[in-house]
1. Restrict the search to region 102-158; then list the chymotrypsin sites (Phe, Trp or Tyr not before Pro) that DSSP places in a loop and that have at most 14 other Cβ atoms within 10 Å of their Cβ.
2. Given 0.36 nm per residue, what is the gain on full extension from ALA217 to HIS128 after removing their alpha carbon distance, in nm?
3. Taking loop as defined by DSSP and a crowding limit of 12 other beta carbons within 10 Å, which GluC sites (Glu not before Pro) in region 91-137 fit?
4. Report the Cα centroid-to-centroid distance between region 16-55 and region 96-169 in angstrom, as an integer.
5. For region 90-137, list log₁₀ I(q)/I(0) at each q in 0.14, 0.19, 0.26, 0.27 Å⁻¹, using the Debye formula over Cα point scatterers of equal strength and ignoring solvent, two decimals each.
6. Pairs on different chains or at least eight residues apart, Cα atoms closer than 17 Å: how many lysine pairs in region 1-142 fit?
7. Going through region 70-119, which trypsin sites (Lys or Arg not before Pro) have at most 13 other Cβ atoms within 10 Å and a DSSP loop state?
8. Work out how much length GLU55 to ASP242 would gain on full extension: take 0.36 nm times their residue separation and subtract the Cα-Cα distance, in nm to one decimal.
Amino acid sequence: MTTPELSTATLEPKTKLSGKVLKTTLAGALVDVGQPLPGVIHISQLSTEPINKVEDVVKEGQVVDVWVRRVKKDRIELTMVQPLALEWKEIEPEMIVKGKVVRLEPYGAFVDIGAERPGMVHVSELAHGYIKTPSEIVKEGDEVEAKVLDVNRKKKQIKLSMKALEPEIEEFKPAVKKENKKAGKRGSKKNEFEGEVQEEANKEPELTVFQMAWQEALNKENAKKAYKVKRSKTSTSKEQEDILDRTLQKRLPTGG
């Protein structure tokens, strides 16, 4: 069964077709793909593995799936090796790609995006915030979407980012007023506690009836002693004043 005829002008590279092998040669195979021009598969395009004979892969009358490599004036060059979804020349920074996670490493995840080699999403580019290991975010077999950060065609490296496609989450910052309220509550509780402690310290122990009577007796005795001392001091002072007056009278001259 061959693919319905299409205009050769619409055949783009990587277009998938189905056709019947008409003839095999030492150099390859001739395939009818339902086009005005014959389809030709070179022996190097029959398989990704090295082969010795065309007949080891295809035979006359066999129906095969093929992809267009290029269209020329006299033929359509085909391949049985599925072309890459993305050629190196097609990969550019900022482009969005989709793929499947094929491998996890402590430092990141490798994603097959249809290029010659998987792209790598560093652990810091998996999501916003701190990520300890890639397995916290993805697992092998996951279908993911990412943005190309950088492509090094010489080293054949593709750097991807998943977090670049996610909205950045603002870090939560508690309101100042709430903090002040909390601080005020803590301060009020502290002051209340200190007040209770001080109040307890200021409380005098209650006295028994016997203690009160004993205290009253002591107070009366102390009052008597204090009165005697005061009276004694008063008497002594008065006697001293009398002696001083008599002495002055004797020394002062009398008139007459």
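1. Counting only loop positions with at most 14 other Cβ atoms within 10 Å, the chymotrypsin sites (Phe, Trp or Tyr not before Pro) in region 102-158 are TYR107, TYR130.
2. Additional length available on full extension: 23.6 nm.
3. For GluC sites (Glu not before Pro) across region 91-137 that sit outside H, G, I, E and B with at most 12 neighbouring Cβ atoms in 10 Å, the list reads GLU94, GLU116.
4. 37 Å
5. Evaluating at q = 0.14, 0.19, 0.26, 0.27 Å⁻¹ gives log10 I(q)/I(0) of -0.35, -0.62, -1.00, -1.04.
6. Going through region 1-142 pair by pair, I get 8.
7. Listed in order of number, the matching sites are LYS72, LYS73.
8. Gain on stretching GLU55 to ASP242: 51.5 nm.
The values are calculated or read from the model by the stated rules, or taken from the named source; none is laboratory data. Values in this document were obtained by computation on a predicted structure and should not be read as measured data. Glycine also receives a Cβ, built like all others from the backbone with ideal geometry; neighbour counts cover every protein chain displayed. These accessible areas exclude ligands, DNA and RNA; they are computed on the full protein's heavy atoms, side chains included. Shrake-Rupley method; radii C 1.70, N 1.55, O 1.52, S 1.80 Å.
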